[in-house]
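First up is the structure itself, then whatever we jot down about it.
Please treat every number below as a calculation from the coordinates, not as lab data. Note that this is a predicted model, so its numbers are computed, not measured. Cβ atoms come from the backbone with ideal geometry, glycine included; neighbour counts cover every protein chain shown.
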Amino acid sequence: MMTLFNKKANQNDRISDLPSNVIDGILGNLRIRDQVRTSILSKKWRYMWTSASQLCFDEHFFESFILLDDDPEPVVSKIITDVLMIRNGPIHKFSICVSADCEFDISTEKLNMWIPFMSRNLTHLKLLNYCTPPDENHMPDILFSCKELTYFKFSSFNLSIPPNFRGFEKLLELHLECVEFDSSALENFMSGCPVLEKLNIGFRLGSNRLVISSPSLKVLVLELHNTKLVCLRKAKNLSDFTLKAFHGRGYIRSSPKIKRFSLTNWGKNSYEDIIHPMLLSRSFSSLEYLKLDDLNLNDKGDILYLVRVLESAPSLIDLVIKQSYKDIDTTKELYRSKELECPRILLQLQTVDVHFRANSQYTTSLIRFILANSPLLKTLTFYCSYNDLGAPMMLNFSKDLLWMERASPKAQVNFRHV
Amino acid sequence: MAEEVSSQMNSLSISETNPSSSATISLVSGDDIVFKVEPTIAKEMETVQSFIDETDGKITTIPLPNISSHDLPYVIEYCEKSIAGKITKEFEAEFVKKLNNEEVKELFLAANYLNIKKLLDFLSQVIADRIANKSVEYVRRYFGIENDFTPEEEAKLREELAWTFTGVDPDDEDEN
């Protein structure tokens with residue numbers, strides 16, 4: 001077992017003699033150009049790269065073809081085909097990520113040529129091309145032959161499902177970027193993925209309804225524009241949900257097991273439009289982590305909404321609030337919010353992070369409310385830019401903090417300069 | 001093989017004299033320095049653990065002739081962090097900052113020899129990062145590879161693979 005290296009052999013080059021699967025570990029982490037270029041190192045290395053199980057044609061690869069005078073399409077296409085032809089052994093991960101300004105179409109014809117080289121062993125597949133408008137491309141049927149996929153990310157295809165669709169039985173993670181689809185097509189797709197745990201839908205426009213019906217799903221990330229209703233009722237095991245909403249009213253029909261929730265409200269609508277207050281307690285009864293991005297700390301409505309959320313989430317332990325960049329007006333007259341002074345509820349909060357840019361009386365009221373009602377609080381951390389706020393305001397804020405009643409005797413208050 | 005082990009053990013009477021140390025494992029580097037580690041650390045090193053298992057735990061002094069006393073502490077440090085579940089991006093960045101190219105290669109060989117998958121995967125990435133975008137000549141020097149192509153063969157290959165040469169960094173003077 002304890003074999004000695006042959007010290008008489010070339011002392012310096014002990015890497016070349018390692019078994020190919022060990023060298024594949026290095027090659028697999030190289031970009032395609034660097035990977036293929038190793039064939040010039042020596043005769044031993046001539047075909048070493050051909051057994052690396054990862055093949056990635058990334059933005060970096062495509063960028064160098066932008067400056068070509070001729071249409072890069074045939075050149076790039078030939079390189080990919082040549083690389084696949086010379087390859088030896090199974091390919092587990094394959095990706096094509098076309099850079100934004102390179103005109104290259106991941107067409108059905110090309111995929112029909114390339115996918116058969118690897119479909120039997122492929123577990124990770126990534127096909128990204130942001131320059132092609134999605135409505136032009138139907139999802140090629142050949143992709144459905146990759147039965148072993150555990151990770152699948154694609155953009156720019158119209159999600160269409162062939163009639164003989166048998167599903168991806170091993171698929172754990174699905175990412176759709178700029179993909180057009182009907183909610184029913186997605187439901188159909190997910191019904192063929194019995195172990196799907198993570199779904200990520202980036203930049204989806206329009207459509208009234210989105211039904212997420214996968215019972216195995218645990219993590220969901222949605223970026224929606226103008227979607228009116230998201231129904232999660234059938235996603236019974238969903239525990240981690242991230243929603244970025246642009247405009248549009250998105251009513252969430254939620255599943256009760258969500259433990260982590262992050263919400264970014266990029267649109268002009270209020271939080272109430274995204275999740276109606278009436279639905280909060282049903283949706284958030286198990287919530288342990290909540291992050292609200294783009295909360296307007298100068299808006300009484302947003303602050304009161306947050307308080308309602310806190311009241312509806314009795315198990316909440318971690319809270320992160322980020323102040324929005326919009327509507328910062330420090331010259332505004334500041335009000336104390338009476339609503340925040342009265343309620344006495346028991347919060348389980350242990351850590352609270354507040355990222356803020358400018359102080360407002362509502363911030364002070366909110367902090368007072370949290371400190372007074374969280375007997376288990378361990379840390380309250382403010383992330384802010386001292387330059388933004390200025391010394392007098394910082395001093396006032398600190399003075400206010402010192403006077404605030406604290407339900408938790410051991411709560412620490414920290415400031416982090418960002 | 002058996003002889004080799006027992007001869008190593010004779011020369012290492014220090015680890016035998018102290019009975020209370022029986023729980024710990026002694027790793028002996030190629031230059032005969034003993035490193036005592038907890039059995040949990042040995043578990044991270046599959047090669048060492050299988051040696052212990054083969055001898056039903058009777059032998060707790062393991063010679064590692066391929067690993068020097070300079071490199072072994074790094075391996076042990078990584079394994080300790082790994083057991084504590086403290087392998088973070090920050091730790092890895094700090095860890096690798098201390099290492100020059102030669103040390104990275106030695107540790108890679110050590111991780112392979114000891115069969116420590118996490119360390120091997122991590123160092124594969126480190127080596128890949130260090131040779132990324134580098135010229136053929138640079139990578140040859142990095143690994144100590146002797147070029148056995150004829151100039152004609154190499155020129156032909158370079159022509160065939162011309163597309164792989166865009167974006168290669170110019171070689172620096174101060175390597176290592």
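Fewest first, what order do A:Met190, A:Met393, A:Met48 take by the number of other Cβ atoms within 10 Å? Before the final figure, lay out each step's value.
Numbers: A:Met190 24, A:Met393 14, A:Met48 20.
Ordered from fewest to most neighbouring Cβ atoms within 10 Å, A:Met190, A:Met393, A:Met48 come out as A:Met393, A:Met48, A:Met190.
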Legend entry - Under Karplus coefficients 6.51, -1.76 and 1.60, residue-wise ³J(HN,Hα) of region A:157-163 in Hz, glycine/proline x: 10, 7, 5, 10, 10, x, x
Legend entry - Spin-label pair A:Asn396/B:Lys81, simplified geometry with 7 Å Cα→Cβ offset, distance in nm: 4.6 nm
Inset, instruction - Quick one: which residues, 5 or more positions from A:Lys153 or on another chain, have an amide H under 5 Å from its amide H? H modelled 1.01 Å from N in the peptide plane, none for Pro or chain starts. - result: A:Leu125, A:Lys126, A:Leu127, A:His175
Inset, instruction - Take every Cα pair under 8 Å in chain A that's 6+ residues apart, average their separations, divide by the length, and report that relative contact order as a whole percent. - result: 6 percent
Inset, instruction - Fewest Cβ neighbours within 10 Å first, please rank A:Trp403, A:Trp49, B:Trp163 accordingly. - result: A:Trp403, B:Trp163, A:Trp49
Inset, instruction - Would you please give the residues with an amide H less than 5 Å from that of A:Asp353, counting only those at least 5 places away or on a separate chain, with H modeled from the backbone geometry? - result: A:Leu319, A:Val320, A:Ile321, A:Thr381
Legend entry - ³J(HN,Hα), Karplus 6.51/-1.76/1.60, whole Hz, each residue of region A:73-89, x for Gly, Pro: 3, x, 5, 4, 4, 5, 4, 4, 4, 4, 4, 5, 5, 7, 5, 9, x
Inset, instruction - Evaluate E = 1/(1 + (r/R0)^6) for A:Ser281 and A:Val418, where r is the Cβ-Cβ distance and R0 equals 30 Å; express this FRET efficiency to the nearest 0.05. - result: 0.35
Legend entry - Computed E for A:Thr379/A:Ser20 - FRET, C-beta separation, R0 41 angstrom, nearest 0.05: 0.25
Inset, instruction - Among DSSP beta bridges lying fully in region B:16-125, give the percent that are antiparallel, nearest 5. - result: 50 percent
Inset, instruction - Step through the residues of region A:48-60 one at a time and calculate ³J(HN,Hα) from phi using the Karplus curve (6.51 cos²θ - 1.76 cosθ + 1.60, θ = phi - 60°), rounding each to whole Hz and writing x for Gly and Pro. - result: 4, 5, 5, 9, 5, 8, 10, 9, 10, 9, 9, 4, 4
Legend entry - Tail weight of P(r) past 33 Å, computed on alpha-carbon pairs of the protein assembly as shown, percent: 61 percent
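Return B:Ile67, B:Ile76 ranked ascending by Cβ neighbour count within 10 Å, so the fewest neighbours appear first. Before the final figure, lay out the partial values.
On the way: B:Ile67 24, B:Ile76 18.
By the 10 Å Cβ count, ascending, the order reads B:Ile76, B:Ile67.
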Inset, instruction - Scan around A:Val413 for amide H atoms under 5 Å from its own, H built in the peptide plane at 1.01 Å from N, and keep only partners 5 or more places away or cross-chain. - result: A:Leu380
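Just the number, please: percent antiparallel of the DSSP beta bridges in the protein assembly as shown, rounded to the nearest 5.
Values: 4 of 85 bridges.
Just about 5 percent of them are antiparallel.
Evaluate E = 1/(1 + (r/R0)^6) for B:His70 and A:Asn112, where r is the Cβ-Cβ distance and R0 equals 60 Å; express this FRET efficiency to the nearest 0.05. Don't jump to the answer; show the numbers that get you there.
Working: r = 54 Å, r/R0 = 0.91.
Given R0 = 60 Å and the Cβ-Cβ separation, E is 0.65.
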Legend entry - Histogram of C-alpha separations across region B:99-173, 5 Å bin width, %: 3, 14, 19, 21, 17, 12, 10, 4, 0
